[in-house]
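Chemist: My structure is below; once you've seen it, I'll send some questions.
Every number here is computed from the coordinates shown, using simple stated rules; none is lab data. Just so you know, these numbers come straight off a predicted model, no measurement behind them. Heads up, the Cβs are rebuilt from the backbone with ideal geometry, glycines too, and the neighbour counts pull from every protein chain shown.
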Amino acid sequence: MSRYVGKPLHRVDGWAKVTGQARYAADQPIPDLAYGVLVTSTIARGRIRRIDSAAALATPGVLGVYTHENLPRFAEQSPSWVPYAQTLVPMQGTEIRHGGQQVAIVVAESFEQATRAAGLVRVDYDAEQPTIGLVENLSRAYTPPDGTPGALQLRRGDPAAGLAGAAVRVEVEYRTSINHHNPIEPSATLAVWKGDDLTLYESTQSITFTQDAVARMLGLPQERVRVVTPYLGGGFGCKGFVWPHTYLTAAVARLVGRPVKLVLTRAQQYTSCGHRPASVQRLRVGAARDGRLTAITHAVTSHTSRSDIIQFNPIAATQSVYAVPHLEIASQVVEVDLGTTIATRPPSGPSNEALEMALDELSWALEMDPVALRLRNYTDVDPSAPDRPQSRFLRECYTLGAERFGWPRRRPAPGSMRRGELLVGWGMAGAQHNWHPGVAQATVRISTDGRARVTCGTQDIGTGTYTIMVQVAADGLGVRPEDVRAVLGDTRFPPAPSSSGSATATTVGMAVRAAARATREKVVGLAVADPRSPLYGAAPDEVATVDGRLFLRADPGRGESYRQVLGRHGASVEASGGADLSANAGPSYGAAFAEVQVSGVTGEVRVTRLVCAVDAGRVLNPATARSQALGGAVWAIGAALTEHTLVDRRYGRIVTANLAGYLVPVEADVPDIDVIFVDKPAPEANELGARGLGEVTATGAGAAIANAVYHATGQRVREFPITPDKVLAGWR
Amino acid sequence: MNEIRYVRASTPAQAVALASAEPDTAFVAGGTELTNLMRDGVQVPGLVVDVNRVAERGIEWQPGRVRIGALARMAEVARDTGVRHRLPVVSTALLASASGQVRNMASIGGNLLQRTRCWYYRDTALPCNARVPGSGCPALAGENRWHAIFGGSESCIRVHPSDLAVALTALDATVLTQGPGGARRLPIETLHRLPGDAPHRETVLEHGELVVAVEVPATAMAARSRYRKVRDRASFEFALVSVAVALELRGRTVRDVRIALGGVAPRPWRAREAEDVLRGERLTDAAVAAAGAVAVRGAVPREHNAFKLDLVSRTLAGVLGELGGGR
Ligand SMILES: Cc1cc2nc3c(=O)[nH]c(=O)nc-3n(C[C@H](O)[C@H](O)[C@H](O)COP(=O)(O)OP(=O)(O)OC[C@H]3O[C@@H](n4cnc5c(N)ncnc54)[C@H](O)[C@@H]3O)c2cc1C
């Protein structure tokens, strides 16, 4: 029975957030708190020759200065990648492997004192020339070993023959830049010890990973570590795994014997918790005259840190979306002296944007409408997993999006839609994102007053998890959402996976569903076995529950409330449930249609309209889902037009490490975005019928914008972000 | 944080006296710039002298000119009816600056005296000749997409980021100051120094010299003026290139014109030769193109900023086109 799932329920945590009552990790009122501030390396490669803490120690309020010289050895010296985000354990030796590596922590009575003292820690380095820059170092690219995260080498059919036999071929290279996550809440750790028990208030997308990683690093049994994350101000991947500042803070708090809070500065946020690597992508696409694809080869090269070899621009769509008989996928890496790369919403975004730009180029070469080209190569079966059952409503995305956008009115010739100085362009692209559900547990308890509480050790990273839990529990129990309270973000609750991979609503939702149904069964069982109940003697499956009332399906007048049943029972009823969706990973789809205006004078590009059609199965809550789709689209605008991290080659230092240097889109960059959900259930995904949707719109809208820029100007800019200088370059 | 003393001055003379009595003092007005510089450790004053009660805050119209108090807020000046109609280049430049919130706090004096946005200047972990004399300039061979094409030297290629200063330069405004040596009137174009081999001396102001007001001629040309700013995002971002033009036409003939460029030099850059090319000419495509070409003559582009030459010419043409009522 679905009464509340699928409805645009307002965020249940919205009130607490807008009134400031929601306490994030760094807001916890802990008595006797001390403040930690990091000192980070100013060089990108080399060794610490000497650290002089004397001046820092002599300043008022300082409780301790910790460096590799006085910090105890951690229990894990070469930890595994996942749950650890980076395998380099800092402050255990003198080697520096990236700019911004942690070299000391100063702890003081106040944040100001700690900051001041941190500025007085003198570090002398033996610096070496770092290797920086993907494009500059492409000659060092190599194919990483099998099993390297994110790297894929794949061959289907005979790509060379497929290309040779093509009537039309496109051979192109695209570049995308380094991106940072920039959640508005910086990463924060607040470590409180009681004897050997540690409580961490942590801004993390995974309390489970944090508990595991910190316990192992400190050599503690897991149950001694409790992690609490009631709210998260965004993560986007940079809080998905466990970074050193978390266990460093825990270790230091133990040494000073005080609770310690450490919040990364905005600048430290650029070097302490990962980034999306730059990419160079080469695509060759061949097609027959009628647009049928004969072959695609897609090679992506990304930079990676020397410490953790990862290819964090994975290719997901190229092998899975279109019916192409001959295919080759190749991944390479270039090692540079930057910190570890990490998932960035959405990891496969850049590769899909490149694919969708290449298809646009093909559509021009074929003189074929880009939507028609995609439909010509449509397949209901994922060619990379033909045996996997799959509901795919990508066709609906194209048609719904095109219709809403007014695509048929497009004048095909580039530069043909002009408004004064402004060149207007329309572009479209497909979107695809693999979601990664997992295993979760939840507990539902309903009390004698008829109110329910649902608990799960997940975290609401801003996506609406609280709200989805309430909706699913309300439906599972048959009570009103007002009578359900969701509690999450505590390792004392049943475990749930990292909130990443666009999978929380479904994985957690399914666990909550199981727990709610189990609880409902128990209460129904109580009622039908109780001679005082009007339902006495009924078969449990004859009983329906709606909005807090239990009644006979065949005779709705015969029934009573949860409250009455539980009141007589005299105690609350609780049950747990779990879900294992780990075998159900698969893609969600979308199509994006963009209108841009390019100044014919300055080359400035502004997006004036964006329509995103999304097939993510059934929509659990249109309000929170829309918000996710909008967020994804804004991410795409940023990646396509404004965002890039610049690193100084000589110093290996990120020079854009703040929100004035790294340009996320502002209101004025974001037009009205129209989001359309196909909203058809994906039965193979789970009983809720929902797939992942948190990232899918961010995989195609950027290419739609780039393709629109081409339509506007007749110039192809093949490098993100598309800044005025790159547009002008085509006009010179 | 460091120990910082703070005093609130009650007269201009007292402000000047306090600020000039010690070496490491700074005035604070809106604080939108100074606090950022302090937080980043770029500027570490021992004494901060609050001038919010001492300098002028009003916008005073006098015959043929307007006097804008140094403490007038950017937002106040931008929305002033007289400024909007008689000095549109000033209000459009202000409205293209920062954000609504910043403009509500930020003062006119503080705006003119904001420091370069050069990231090497603002990151104390890196060398910078303007911050630490003799330490080197990483921008020369580094990430210099935003840097100067005019007026730089081999020790510094910073850009002055104020939009307002560019507009005021096109109007030949005067900066009124009061310093330890008395009152001064400085043509705005002379306020910021070119780096030469002393890039750490950023302005001609003496230590402790207070900006009191700005005086702007309200000419016919000023009333036909415009500011255009090119940037990487639609708002809340500094200029890649900006152009301020004041134009006086008789029919299609340019009687007089002033052109100032922003985002290209350590100070607002007057394009006098381009003005000369246009003065007395009909405002034709050819004249505009000639002015655009002359405007970038002598530019010294670096690895990542050569696009600014083309962008200056194009933007100038765009502004002239708009002001000239279409070409
Ligand atoms: C996020 C952000 C974006 C911005 N974007 C833009 C932009 O696009 N365009 C633009 O032009 N500006 C921009 N700015 C800069 C902004 O305009 C300045 O910060 C502001 O104008 C400074 O004014 P204030 O009164 O706050 O100065 P303060 O911070 O108080 O002072 C700035 C400097 O001026 C000195 N000073 C202040 N008043 C006087 C005086 N009367 N006499 C002598 N010295 C004085 C101070 O000692 C200090 O060195 C931006 C700023 C921020 C923070």
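Chemist: Quick one: if you stick a label point 7 Å off each Cα along the C-beta vector at A:R492 and A:S80, how many nm between them?
Modeler: Inter-label distance under the simple model: 2.9 nm.
Chemist: Show me the ranking of peptides B:245-251, A:404-410, A:585-591 by mean Cβ neighbours inside 10 Å, starting with the highest.
Modeler: Descending packing order for the listed peptides: A:585-591, B:245-251, A:404-410.
Chemist: Please compute the Cα-Cα pair-distance distribution of chain B with 20 Å bins starting at 0, giving whole percents from short to long.
Modeler: Result, from short to long distances: 33, 58, 9, 0 percent.
Chemist: If each residue's Cβ is checked for other Cβ atoms within 10 Å, how do A:I51, B:I259 rank with the fewest at the top?
Modeler: Sorted ascending by nearby Cβ count, the order is A:I51, B:I259.
Chemist: Another question, if that's okay. Cut-off 15 Å, label point 7 angstrom out along Cα-to-Cβ of A:R553: give me the residues of the stretch A:484-528 whose amide nitrogen falls inside.
Modeler: Label zone hits: A:521.
Chemist: May I ask what percent, to the nearest 5, of DSSP beta bridges between residues of the protein assembly as shown are antiparallel?
Modeler: Roughly 80 percent of the beta bridges in the protein assembly as shown run antiparallel, per DSSP.
Chemist: Another question about this same structure. If the stretch B:132-203 were replaced by its equivalent ellipsoid, with semi-axes equal to the square roots of 5 times the Cα gyration tensor eigenvalues, what would those be, largest first, whole Å?
Modeler: Details: eigenvalues 138, 54, 13 Å².
With the √(5λ) rule applied to the stretch B:132-203, the semi-axes are 26, 16, 8 Å.
Chemist: Counting only pairs 8 or more places apart or on different chains, how many lysine pairs in the protein assembly as shown have C-alpha atoms closer than 18 Å? If you can, show how the numbers build up before the last one.
Modeler: Numbers: A:K7/A:K680; A:K194/A:K261; A:K239/A:K261; A:K726/B:K229; A:K726/B:K308; B:K229/B:K308.
For the protein assembly as shown, the number of qualifying lysine pairs is 6.
Chemist: Ordered by packing density, taken as the mean number of other Cβ atoms within 10 Å over each peptide's residues, highest first, how do A:617-625, B:40-48, A:380-388 rank?
Modeler: A:617-625, B:40-48, A:380-388
Chemist: Moving on to the next point. Please compute the contact order of the stretch A:89-212 in relative form: average sequence separation of alpha-carbon pairs under 8 Å and at least six residues apart, divided by the residue count, as a percent.
Modeler: 8 percent.
Chemist: Sticking with this one: Please give the length that would be gained between A:D158 and A:E684 if that part of the chain were fully extended, namely 0.36 nm times their separation in residues minus their C-alpha to C-alpha distance (nm, one decimal).
Modeler: Result for the pair: 186.2 nm of gain on full extension.
Chemist: Considering the Cα positions of the stretch A:544-601, please state its Rg to one decimal place and its Dmax as a whole number of Å.
Modeler: In order Rg, Dmax, the Cα atoms of the stretch A:544-601 give 25.5, 78 Å.
Chemist: Here's a follow-up. Provide the FRET efficiency to the nearest 0.05 for the B:S10-B:H207 pair, computing r from the beta carbons and using R0 = 25 Å.
Modeler: 0.75
Chemist: Just checking the output field for B:227-239: average partner chain Cβ neighbours within 10 Å of each residue's Cβ?
Modeler: That works out to 6 on average.
Chemist: Evaluate E = 1/(1 + (r/R0)^6) for A:D27 and A:D124, where r is the Cβ-Cβ distance and R0 equals 41 Å; express this FRET efficiency to the nearest 0.05. Before the final figure, lay out the partial values.
Modeler: Numbers: r = 38 Å, r/R0 = 0.92.
Taking R0 as 41 Å, the efficiency between A:D27 and A:D124 is 0.65.
Chemist: A further question on this structure: Would you mind ranking B:W146, A:W243, A:W193, A:W15 so that the residue whose beta carbon has the fewest other beta carbons within 10 Å leads the list?
Modeler: Final ranking by Cβ density, sparse to dense: A:W15, A:W193, B:W146, A:W243.
Chemist: So what are the ³J(HN,Hα) numbers for the stretch B:123-128, from phi and the Karplus equation (6.51, -1.76, 1.60; θ = phi - 60°), rounded to whole Hz, Gly and Pro as x?
Modeler: Karplus-based 3J(HN,Hα) across the stretch B:123-128 equals 10, 5, 7, 10, x, 6 Hz.
Chemist: Short version: what are the Cα gyration tensor semi-axes of the stretch B:229-324, square root of 5 times each eigenvalue, largest first, in whole Å?
Modeler: 23, 14, 11
Chemist: Going by average Cβ neighbours within 10 Å, how do the peptides B:185-196, A:259-270 rank, with the highest at the top?
Modeler: Answer by packing, highest mean first, reads A:259-270, B:185-196.
Chemist: About the Cα centre of the protein assembly as shown, how large is the charge dipole given +1 on each Lys and Arg Cβ and -1 on each Asp and Glu Cβ? Please answer in debye to the nearest 20.
Modeler: On the way: 116 positive and 103 negative charges, 343 e Å.
In debye, rounded to 20, the protein assembly as shown gives about 1640.
Chemist: Still on this structure, please answer the following. What's the center-to-center distance, using Cα atoms, between the stretch A:417-451 and the stretch A:370-416 in Å?
Modeler: 19
Chemist: Additional query: If you check each cysteine of chain A for another cysteine whose beta-carbon is under 4.7 Å away, which ones come up empty?
Modeler: When partners are defined as cysteine Cβ atoms under 4.7 Å apart, chain A leaves A:C397, A:C456, A:C612 without one.
Chemist: Wrap a convex hull around the Cα atoms of the stretch A:63-151, take a quarter of its surface area, and give that in square nanometres.
Modeler: Projected area, direction-averaged: 8.8 nm².
Chemist: Give me the extension gain from B:E322 to B:N52: residue separation times 0.36 nm, minus the current Cα-Cα distance, reported in nm with one decimal.
Modeler: Stretched out fully, the B:E322 to B:N52 stretch lengthens by 93.4 nm.
Chemist: Could you list, bin by bin from short to long, the percent of Cα-Cα pairs of the stretch A:437-580 in 10 Å steps?
Modeler: In order of increasing distance, the bins hold 14, 43, 27, 13, 2 percent.
Chemist: Please state the relative contact order of the stretch A:13-130 as a whole percent: Cα pairs under 8 Å, 6+ residues apart?
Modeler: Reported as a whole number, the value is 44 percent.
Chemist: Percent relative contact order of chain A, based on C-alpha pairs within less than 8 angstrom and at least six residues apart?
Modeler: Averaging sequence separation for qualifying contacts and normalising by length gives 16 percent for chain A.
Chemist: Per residue and in cubic angstrom, what volume does the convex hull of the Cα atoms of the stretch B:12-123 have? Intermediate values should be presented prior to the final figure.
Modeler: Numbers: hull volume 12.7 nm³, N = 112.
Enclosed volume per residue, from the Cα hull, is 113 Å³.
Chemist: Give the long-range amide H neighbours of A:A85: residues separated by 5 or more places, or on another chain, with amide H under 5 Å away, using H modelled in the peptide plane at 1.01 Å from N.
Modeler: Result for A:A85 returns A:V242, A:W243.
Chemist: Here's another thing I want to ask about it. Tell me, what HN-Hα J-couplings in whole Hz come from the Karplus equation 6.51 cos²θ - 1.76 cosθ + 1.60 at θ = phi - 60° for each residue of the stretch A:258-274, using x for Gly and Pro?
Modeler: 9, x, 10, 10, 10, 10, 5, 6, 4, 5, 5, 4, 7, 10, 10, 8, x
Chemist: Counting just the Cα atoms, what span does the stretch B:68-226 cover along each of its three principal axes? Round to the nearest Å and put the largest first.
Modeler: Per principal axis, max minus min of the Cα coordinates gives 47, 37, 29 Å.
Chemist: Modelling each spin label as a point 7 Å along the Cα-to-Cβ direction, I'd like the A:R266/B:A220 distance in nm, to one decimal.
Modeler: A separation of 4.7 nm, rounded to one decimal place.
Chemist: While we're looking at this one, here's another question. Compute log10 of I(q)/I(0) for chain A with the Debye formula, placing one identical point scatterer on every Cα and leaving out solvent, at q = 0.11 Å⁻¹, to two decimals.
Modeler: The Debye formula, applied to the Cα set alone, gives -1.17.
Chemist: Another question, then. Looking only at other chains, what is the average number of their beta-carbon atoms within 10 angstrom of each beta-carbon in B:142-152?
Modeler: Taking the mean over all residues of the peptide, I get 2.
Chemist: Taking the convex hull of the Cα atoms, report for the stretch B:165-280 its projected area averaged over all directions, in nm².
Modeler: If you wrap the Cα atoms of the stretch B:165-280 in a convex hull and average its projections, you get 9.1 nm².
Chemist: Here's something else I'd like to know. Could you tell me how many cubic angstrom of Cα convex hull volume the stretch A:85-207 has per residue?
Modeler: It comes to 245 Å³ per residue, whole-number rounded.
Chemist: So for A:V546, A:V634, B:V216, fewest C-beta neighbours within 10 Å to most, what's the order?
Modeler: Details: A:V546 16, A:V634 20, B:V216 23.
Starting with the residue having the fewest Cβ neighbours, the order is A:V546, A:V634, B:V216.
Chemist: Fully extended, how many nm does the chain gain between B:E154 and B:R79 (0.36 nm per residue separation, minus their Cα-Cα distance)?
Modeler: 22.9 nm
Chemist: Given +1 on the Cβ of Lys and Arg, -1 on the Cβ of Asp and Glu, and no further charges, what dipole in debye does chain B carry about its Cα centre, rounded to the nearest 20?
Modeler: It works out to roughly 900 debye.
Chemist: If you don't mind, there's one more thing I want to ask. Go ahead and set up a Gaussian network model of chain B, Cα springs under 10 Å, then flag whichever of B:A170, B:A244, B:A17 fluctuates most.
Modeler: Top of the fluctuation ranking is B:A17.
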